[in-house]
Each structure stands twice: as structure tokens, then as C-alpha cells.
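Trainee: Here it is: the structure, laid out below.
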Amino acid sequence: MKSNRPIDLPLSQVISVNRSPIAIASILHRISGIILFLLIPVMLWLLQNSLASPESFETVFDNVLVRFLAWIFVAAIAYHFVMGIKHLFADMGMNEELKSGRTASMVSFVIAAILIVASFVWVMF
């Protein structure tokens, strides 16, 4: 018997079908992981350049674009960490029901948002 179920769905279709906070948290967790993976070489290069001398540190981090890039990296780490903890709790059998899963996702979103705003203030100012 052949299944009529599609195998590869575009992300836009997945989001339009499943708008639950649990699914959105999971998708954004994957996206934050991709962002971290792509930014690690850039951040290591910036670290190498900034550690050459005190003057080079000031030169690198006086640029607003570099500080914004550093904030994106820190915000992605904060979000990925919070949602990773949520996923670990789910792997241990907690928050597997729909209602408790939604609650855990919303609490994780609030904690991640607080950390992202705090990291913006920390990195940019």
C-alpha cells in the first residue's frame, strides 16, 4: 500500500499547518543551532583579531556592526540553551502532554526573551 503522505515539506508549509508553540520552539531551536554553527568561525576570527593588542580590541569592538554580530551570537546561544534545557526535560518524560508542553514552551520563550534583551543591553551598551 502506497502512502500519500508528503515526505519533504517546505518550512513555510510546516509552520502554517502546525502553529503550536511547541513546534515553533523546536523549529527556532534548530534555526538557532544553524546560526551558531555559521557564526562560530566568524566569532573565532574576531576573537583572534581582538586579542592581538589592546588597541586592536578597541578597533574591533568600536564597530557597531561587529557588536551587533556579537549580540546575534550571544542571543542565539541564550535561546539555544534555554530551548535545549526544555528539550532535555521533554526527553526525561516531563511536559509530554499537550497542555504542559505548551506551558513549558511559553515559559521557555519568556526566559529566552529576557536573556536576549539582557544580552542586547550587555553587548551593545
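The values are calculated or read from the model by the stated rules, or taken from the named source; none is laboratory data. Note that the structure is predicted; figures quoted are calculated from it, not measured. Please note: Cβ atoms are built from the backbone with ideal geometry, for glycine as well, and neighbour counts cover all protein chains shown. We work out accessible area using only protein heavy atoms, side chains counted, and drop any ligands, DNA or RNA first. Shrake-Rupley method; radii C 1.70, N 1.55, O 1.52, S 1.80 Å.
Trainee: Could you check P41 against (1) outside any helix (DSSP H, G or I); (2) at pLDDT 95 or above and say which number it fails?
Mentor: (1)
Trainee: Continuing with the same structure: From the list I40, I85, exactly one residue is β-branched (V, I, T), out of contact with any Asp or Glu (no Cβ under 7 Å at 6 or more places or on another chain), open to solvent by 30 Å² or more (accessible area, probe 1.4 Å) and under 30 Å from R102 (Cα atoms). Which is it?
Mentor: None of the other options fit; the residue is I85.
Trainee: Sticking with this structure for a sec: Does region 57-68 contain any residue that is of a type in the set (S, T, Y), open to solvent by less than 50 Å² (accessible area, probe 1.4 Å) and assigned to a helix (DSSP H, G or I)?
Mentor: So far as region 57-68 goes, no, none of its residues is of a type in the set (S, T, Y), open to solvent by less than 50 Å² (accessible area, probe 1.4 Å) and assigned to a helix (DSSP H, G or I).
Trainee: So which residues in region 1-26 are outside any loop (DSSP other than H, G, I, E, B) and in contact (Cβ under 8 Å) with a residue 60 or more places away in the chain, if there are any at all?
Mentor: Those that are outside any loop (DSSP other than H, G, I, E, B) and in contact (Cβ under 8 Å) with a residue 60 or more places away in the chain: P21, I22, I24, A25, S26.
Trainee: Taking I116 as meeting all but one of (1) in contact (Cβ under 8 Å) with a residue 12 or more places away in the chain; (2) over 28 Å from P41 (Cβ atoms), write down the number of the exception.
Mentor: (2)
Trainee: Going through N49, N18, N63 one at a time, which residue ends up being under 30 Å from G84 (Cα atoms) and out of contact with any strand residue (DSSP E or B) (no Cβ under 9 Å at 6 or more places or on another chain)?
Mentor: From the options N49, N18, N63, the qualifying one is N18.
Trainee: Additional query: Mind listing just one residue for me: the one in region 88-108 that is of a type in the set (S, T, N, Q) and in a helix (DSSP H, G or I) and, of those, most open to solvent (accessible area, probe 1.4 Å)?
Mentor: Applying the filter and picking the extreme gives T103.
Trainee: Moving on. Scan (1) over 20 Å from I22 (Cβ atoms); (2) open to solvent by 80 Å² or more (accessible area, probe 1.4 Å) for the single condition I72 breaks and write down its number.
Mentor: Unmet condition: (2).
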